[in-house]
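Written out below as structure tokens is the structure these notes cover.
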Amino acid sequence: MKILVAVKRVVDHNIQVRIRPDGSDVDIAGVKMSINPFDENAVEEALRLKERGLAKEIVAVSFGTAANQDVLRHALAMGADRALLVETEAQLQPLGVAKLLKAVVEREQPDIVLLGKQAIDDDAGQAGQMLAALLGAGQGTFISSLNIEGDEAIVTREIDGGTEQIAVKLPAVLTADLRLNDPRFVKLPNLMMAKKKPIETLNAAELSTDTAPRLKQVKVSEPPARKPGVKVGSIEELIEKLHEEGMLS
Ligand code: AMP
């Protein structure tokens, strides 16, 4: 079985993002970038399937500029077998990513495409679902466990009020939730070794896909500042305060 894992380069989740003064976007100049956390779960799960003898090859793919090599190297250092960089200067939106992924799927013919459930920069949570639709394949989204039985993926999904288990016919598209696993720590020697591994590079134009944006970002703004908390001395005082704030009638 072959698994294709999509890894996005995003602002590191420990960084407090700043917004450009003109409100046009988040300012990423000089900011630490990392692999999208959910994509790290996706790589980890693919590796576990390989370690259990259920997968033979894991291919990591990223769409963006040459800078994306770092997240591909991270996937290689974790244990992915190959890395593919599809270069584009275009501002990709989830539909563009899904179309590029479809073209890569047609070349690579994986049995499973694993993505993160969402990218923490756009928080869209759309690329996996769009890819499954474009491929006409089954999908298991927000998965917190994965097993393979015959030609089906048995997945647990997080839903309102609990979990559900579904069987999805392979080939399928699966999107990883954080609960799926704890990604392994990448050791420095593995990272050094990954630096020597080749990264296959394609130009997005070679995949003849229309990645033109369909959405326009109108404005980005800070969330409203939180009011500082107050300590109350008793339940009676708390109830009085809640009445005052209009939170209790
Ligand atoms: P989104 O729909 O933007 O929230 O992204 C969902 C998932 O799609 C991410 O967790 C990644 O697995 C994948 N993805 C999105 N953008 C890219 C990209 N530029 N390169 C590789 N994978 C991506």
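Annotations for the structure displayed:
- Debye equation applied to the C-alpha atoms of segment 86-184, log10 I(q)/I(0) at 0.13, 0.24, 0.25 Å⁻¹: -0.46, -1.34, -1.39
- Pairs beyond 29 Å (Cα-Cα), from 196/216; 2/196; 219/241; 102/169: 196/216; 219/241
- Size descriptors for segment 2-221, from the alpha-carbon set: Rg then Dmax equal 16.8, 54 Å.
- ³J(HN,Hα) computed for each position of segment 95-106 - Karplus, 6.51 cos²θ - 1.76 cosθ + 1.60, integer Hz, glycine/proline x: 5, x, 4, 4, 5, 5, 4, 4, 5, 5, 4, 4
- Segment 102-129 residues near the modelled residue 179 label - backbone nitrogen below 15 Å, point 7 Å along Cα→Cβ: 117
- Counted over the chain, the DSSP beta bridges are approximately 40% antiparallel.
- A dipole drawn for segment 111-249 from +1 and -1 charges on Cβ atoms has a positive end, and of 127, 221, 199 the residue lying farthest that way is 199.
- Computed from the C-beta positions of residue 164 and residue 236, the FRET efficiency with R₀ = 35 Å rounds to 0.20.
- R0 of 25 Å, Cβ-Cβ distance residue 65-residue 220: FRET efficiency to nearest 0.05: 0.75
- Between residue 14 and residue 56, the C-beta separation translates, for a Förster distance of 35 Å, into a calculated FRET efficiency of about 0.50.
The numbers here are math on the coordinates, done by the rules we state, and not lab data. It should be emphasised that the depicted structure is a prediction, and the values quoted were computed from it without experimental measurement. So basically every Cβ, Gly included, is an ideal-geometry build from the backbone, and we count neighbours across all protein chains shown.
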